[in-house]
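No value in this document is a laboratory result; all are computed from the given coordinates. Everything quoted here is computed from the prediction, not taken from an experiment. We place every Cβ from the backbone using ideal geometry, glycine too, and count neighbours over all the protein chains shown.
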Amino acid sequence: MSLLDITDLTVTYSTDSGTVHAVNDVSFSIDEGVNYGLAGESGSGKSTLAEAVLGLLPSNGSVESGSIEFQGRDLTGLSERERRDVLWEDIAYIPQSAMDSLDPVMSTGAQIRQAIQTHRNVTDDKARARVRELFEIVGLDPDRIDDYPHEFSGGMRQRVTIAMALALEPDLIIADEPTTGLDVIVQDKIIDKILEIQDRMDSSLLLITHEIGVIAETCDELSILYGGKAMEQGSVDNVLVNPTNPYTMGLKNSFPEIEEGDQDPVSIPGSPPNLSESPSACVFKDRCPFATEECEASHPDLVDLPNRNHRSACHHVTKAAQMRRDATDPETWGIPDSHDESDRGEVLLETDGLEKYYEQSQPLLEQLRGNDPNYVRAVDGVSLRVRRSEILGIAGESGCGKSTLGETIALLKQPTGGEFVFDGEPYEHYADGNMREFRRKVQIIFQDPFDSLNPRQTVRQLVGEPLTIHDYRTEERERAIIETLEKVGLTPARKFLDQYPHQLSGGQRQRVAVAKALVLDPDFLICDEPASMLDVSLKVNLLNLLRELADTEDIGIVYISHDLASLVQVSDRLAIMYLGRVIEEGDVESIAAEPKHPYTTSLLAAAPEKDPTVDRDRVLLDGEPPDPVDLPSGCVFAPRCPKAEDECRESEPGLDTVRSGEHRAACYFPDGETPAADDLADDRSGTYGDPEFSSPASGDSASD
Amino acid sequence: MSEFQRFLAKRLAISILLTLVAVSVIFVVLRLLPGSPFESLVTAGNLSQQQITEIRAMYGLDQPMWRQYLSYLQSILLFQFGYSILRSQPVWGVLAPRLVNTLILLVPALVTTAVLSSLLGMYVGWNRGSKLEKLSIIATTFLRSTPVFITGILFVIIFAYNLELVPAFGMRSISASPEGYVETFASLDFLHHYILPFTVSVLYYSGDFLLLARNGVVEKRGSEFLKLHRAKGLSEMQQLARAGRNSMLPILTYFALRLGMIFQGLILLEVVFGWPGIGRELVLAIQQQDYPLVQAAVFIMALAVIVANLVADVLYAYFDPTVSTSGGGAA
Ligand SMILES: Nc1ncnc2c1ncn2[C@@H]1O[C@H](COP(=O)(O)OP(=O)(O)OP(=O)(O)O)[C@@H](O)[C@H]1O
Ligand code: SF4
Ligand code: SF4
Ligand SMILES: [Mg+2]
């Protein structure tokens, strides 16, 4: 008997503007000890499904029909009391956003203890001992169980929620996007931890994510959801290697892969379906390139494919092989194939040893004493060059200074040292009364393009606003706006002019945000994580758009992100940042193929692989970056570097330490080069650092 | 904990500074007022010029301003408030019983309302949209926004005059002549007089606490951490308790501030109910230009507010684990 059996589950939300059909007739079952993946883009109903299982639907959500059987009991029919007994004891939950899932005014240990003592009659001492044990299991310092959530970093908080989920050794753990919003390296560590523990406890896992790669690596079976419908399900090896449903094909294509750097990711154009009615046609038909009249008439049933653990809902499954071939071609999806390597032009922006230090706030007394304040060296001697029609990708973990660098080269922050030249003129030229000109030529697109649009302005006003401010092309305003909208792919432009942001889909809104930046015909564009909030297909749309702009409009682009896979897709050159410094720089192809700095190697290795047949060595980089105020001497990466030698700790390697052509790296013992004398070769492969999650140094008092 | 101590020291220093400022302002304002308490006595022909000079010397009023200021500072900060000019009785002897009368009425009222209204507020916030919620909000807003003497008079009319359940006026019946606090307050007669003003002040203060608590819980209700608490299997009441705990801070702070303001009494209420509290006394003293009395009363009130602010800050830092105790923020 399977552990969890979901049959024909339908969940709706009632809202002011009608009913939202979030989950429609979904069935699947999870066997004991199995990892089950649930994938699909944003809004496809993944979280709703999880909440229905847990009985955590908000008050306006209700299970319309269907059953959720857990160990033979129907969960939908339980009373509030009975359900409370099942929760956590049998089914635990790792929530989507660890950042705010912990009670801010209760110590982390007490929250876990509460979970234990709600269900088991144990003494405080015993519960505390268990919490210490759990902290140890998830790689947290057991002496910190009395710390409050805000004293932990995002990744550590996620570990606390994992520890909580493990507390009672449940039979099923439901993890809703446990790693979204975390850096690749942390994400990789967390996933690894979940797997390791779950393996040891032999519980089942329902893993929800929009990253197909994570599922490919961790799950045995999966369901792909779209518009609240299961489009395809079965064993991961079957579904992801040989997808039979056009939606799965699209989803898989839009997940960029580092190795295929030069192949354009193919996104699924269009926006998610309208859920206000229960589906009568195939939910995917509006975006499906293979849709026919038959698809219009009814939503296809899930049918078993012969001889395999594989089901697909498509009227045209029989043509799966043909569709698969066509799906890899962007033109199938109506995306023009535009990949002509244009020559890169003159150097547009150049910095030499650029610095941005922040003074740390000091206690009053220290200030009175006149002690020198400490500095946070957010950007510490960065030298870059960006040419026209070139995209320079800047990658690094959170906190490495990427955003500060972006804002400093946009001159939104004053550099505290180093040289800065834009378009042949130095920083002083712009600071000395020419800032307006600079502001027109250089545009910056921030993290969340959605929030940056005023909901009460029409597209015309939104895009026209910069023209007014800069008094640019004011006499042909309308034309400028329309041209720009067409440039970003909002055609026919006239149709959009009078719409408000809420009338546009996510992807369209994002294009409006880009249009706002482009309407002034800038020479230079700085994008700071413009896609981090977007799901895969919207993200790919944006990447393609930027690539096209660089190629056709001759502008230089700096693209800042922690998502190395997207960076590899879109950039010509990459700069890898660590603690305010660029530690490796070069052409994308050469960095992706032969990273030289051990840090780059681990970043690359941390990106998940969407092909389930490929085995990847997981990277487990030790610890977190050191405090940027109190940096170690020598190579700043040495404390986490698996190859660090005494030499590394003595003096800091410059970016020119290794150099082959354009490719440079700051490391004494670069990867991929056979070291002359020392035998470092076997250190290269395999895992970095301690395979057990390394815990922060905890001294002798670790155990009681 | 040294960071906390630093924070404490800083706040303390600020409070002391504020006290000095307040004391000086009182001094200046009172000297700027036209007329003097003796004028009325002189015009009434009770005092000769000779006697006035002597009395002025006795009160130190013939000294230069800065000396007056210094000796004023010295004595007021040592809580030596001197003699009331009109009552020829130590100021403290006049004020202390009034202050006690006020506090014995308002402190229990404030505590009661803080506990009850906050609990009610949390409950209605949790059951958002219920009839009880609307009703309680309307009722408390009404009570909060009508001047307290109107509610007071209404209650007096209903409960004292029409129903004749309780006396309308005073703190003890006229025939009682108790000695000392214990005799005054530990009696049924006192309780009888107490109920009505107590109830009115409970109602008067209830609105703010109710709204604070309700808004806090409403805001927390959809939060992710409550969802996790729910997933853990906590009962509805336990979840509500967590939501309540998470909205405690503003309530606590507000309580501390209110507690400070209580030292001013509720003048209108004291007048309506004939309660011999400090608020009424202050009004009288101002009318009669009884400097020492006014000085002392105002000083006590200011001090209470300053101390309450300090306490609020410290409570906040203590109860909110995320507040950075070294952080700046307005004093
Ligand atoms: N409380 C709610 N009231 C009304 N509609 C809701 C509510 N919660 C979710 N929805 C709608 O239900 C649909 C499914 O949402 P759900 O949160 O399950 O998506 P998801 O797949 O988890 O997406 P994501 O990847 O962004 O987390 C969406 O159209 C969403 O707008
Ligand atoms: S049923 Fe038709 S529209 Fe739906 S996925 Fe298959 S081909 Fe596309
Ligand atoms: S210089 Fe040394 S410590 Fe730094 S990255 Fe290279 S090997 Fe590691
Ligand atoms: Mg979700």
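Ordering A:Gly77, B:Ser235, A:Leu38 by the projection of their Cα atoms onto the charge dipole of the protein assembly as shown, which places +1 on the Cβ of Lys and Arg and -1 on the Cβ of Asp and Glu, puts B:Ser235 at the extreme positive end. Put a dot 7 Å past the Cα of A:Val347, heading toward its Cβ, do the same for B:Tyr181, and the two dots end up 8.2 nm apart. Report the FRET efficiency, 1/(1 + (r/R0)^6), for A:Asp74 and A:Asp301, where r is their Cβ-Cβ distance and R0 is 25 Å, rounded to 0.05. In this case the efficiency is close to 0.60. Taking a span of 30 Å or more along the helix axis (Cα atoms) and a mean Kyte-Doolittle hydropathy of at least 0.0 as the rule, the DSSP H helices of chain B that qualify are B:2-32, B:91-126, B:188-221, B:291-319. Listed values for region A:5-10 are Karplus-derived 3J(HN,Hα) couplings in whole Hz (6.51 cos²θ - 1.76 cosθ + 1.60, θ = phi - 60°), namely 10, 9, 10, 6, 6, 10, and x replaces Gly and Pro. With Cα atoms as the point set, region B:94-289 shows a radius of gyration and Dmax of 19.8, 67 Å. Could you check how many percent of all C-alpha pairs in region A:201-253 are farther apart than 13 Å? So the pairs more than 13 Å apart make up 57 percent of the total in region A:201-253.
Phi-derived couplings, Karplus 6.51 cos²θ - 1.76 cosθ + 1.60 at θ = phi - 60°, listed residue by residue for region A:90-97: 10, 10, 10, 9, 10, x, 5, 10 Hz, with x used for Gly and Pro. Taking the Cα centre of region A:60-150 as origin and assigning +1 to Lys and Arg Cβ atoms and -1 to Asp and Glu Cβ atoms, the resulting dipole is close to 200 debye.
Taking Cα centre as origin and charging only the Cβ of basic (Lys, Arg, +1) and acidic (Asp, Glu, -1) residues, the dipole magnitude of the protein assembly as shown rounds to 6440 debye. Under the rule that an exposed site lies in a DSSP loop and has at most 16 other Cβ atoms within 10 Å, name the longest stretch of chain B with no GluC sites (Glu not before Pro) of that kind, not counting the sites themselves. Counting only loop sites that pass the neighbour cut-off, the longest clear stretch is B:1-163.
The loop-placed trypsin sites (Lys or Arg not before Pro) in region A:110-184, going by DSSP, that have at most 13 neighbouring Cβ atoms within 10 Å of their Cβ come out as A:Arg120.
Amide H of B:Trp275: which non-local residues (sequence gap of 5 or more, or other chain) have their own amide H closer than 5 Å, using H built in the peptide plane? Amide H to amide H, under 5 Å and 5 or more residues apart or across chains, B:Trp275 pairs with B:Gly170.
Using the Karplus relation 6.51 cos²θ - 1.76 cosθ + 1.60 with θ = phi - 60°, the per-residue 3J(HN,Hα) values for region A:581-589 come to 10, 8, 9, 7, 8, x, 5, 4, 4 Hz, with x marking Gly and Pro. Here the extension length gained between B:Asn215 and B:Thr146 equals 22.6 nm, from 0.36 nm per residue of separation less the Cα-Cα distance.
I need the shape label for region A:137-201. Rule: rounded when a/c is under 1.5, else prolate if a/b > b/c, else oblate, with a, b, c from the alpha carbon gyration tensor.
Since a/c reaches 1.5 but b/c is at least a/b, the shape of region A:137-201 is classed as oblate.
Database remark: amide H of A:Val582 closer than 5 angstrom to the amide H of A:Ser383 (H placed geometrically; neighbours at sequence offset of 5 or more, or on other chains; Pro and chain starts carry no H).
Among A:Gly654, A:Leu251, A:Gly270, which residue has its Cα positioned farthest towards the positive end of the charge dipole of the protein assembly as shown, with +1 placed on the Cβ of Lys and Arg, -1 on the Cβ of Asp and Glu, and the dipole taken about the Cα centre? With unit charges placed on the Cβ atoms, the residue in question is A:Gly270. Treating r as the C-beta distance of A:Val421 and A:Asp471 and R0 as 25 Å, the FRET efficiency rounds to 0.40. Each DSSP beta bridge with both residues in the protein assembly as shown is either parallel or antiparallel, and the antiparallel ones are about 60%.
In this label model, A:Ala593 and B:Phe4 are separated by 6.1 nm, measuring between points 7 Å along each Cα→Cβ vector. To the nearest 20 Debye, how big is the dipole of region B:243-320 about its Cα centre, given +1 on the beta carbon of each Lys and Arg and -1 on that of each Asp and Glu? With only Lys, Arg, Asp and Glu charged at Cβ, the dipole is about 160 debye. Distance between the modelled labels on B:Val271 and B:Ile137, one decimal in nanometres: 3.4 nm (7 Å Cα→Cβ projection). Extension gain, A:Glu548 to A:Asp100: 0.36 nm times the residue separation minus the Cα-Cα distance gives 157.5 nm. How many percent of all Cα-Cα pairs in the protein assembly as shown sit more than 57 Å apart? More than 57 Å apart: 29 percent of the Cα pairs in the protein assembly as shown. Amide H to amide H distances under 5 Å link A:Ala575 with A:Gly393, A:Ile394, A:Ala395, where only residues 5 or more positions off or on other chains count and H is placed in the peptide plane. As I understand it, the dipole of region A:394-480 uses +1 on the Cβ of Lys and Arg and -1 on the Cβ of Asp and Glu, about the Cα centre. Which of A:Ile469, A:Cys400, A:Gln414 lies farthest toward its positive end? The one lying farthest along the dipole's positive direction is A:Ile469. By the gyration tensor of its Cα atoms, with a ≥ b ≥ c the square roots of the eigenvalues, what is the shape of region A:559-598: rounded for a/c under 1.5, prolate for a/b over b/c, or oblate? Oblate, since a/c reaches 1.5 and b/c is not below a/b. Gain in length, A:Ser280 to A:Lys495, computed as 0.36 nm per residue apart minus the alpha-carbon separation, to one decimal in nm? Net length gain for the segment: 74.6 nm. In chain B, the sites counted are trypsin sites (Lys or Arg not before Pro) in DSSP loop states with at most 16 other Cβ atoms within 10 Å, and the longest stretch holding none of them, exclusive of the sites, is B:129-331.
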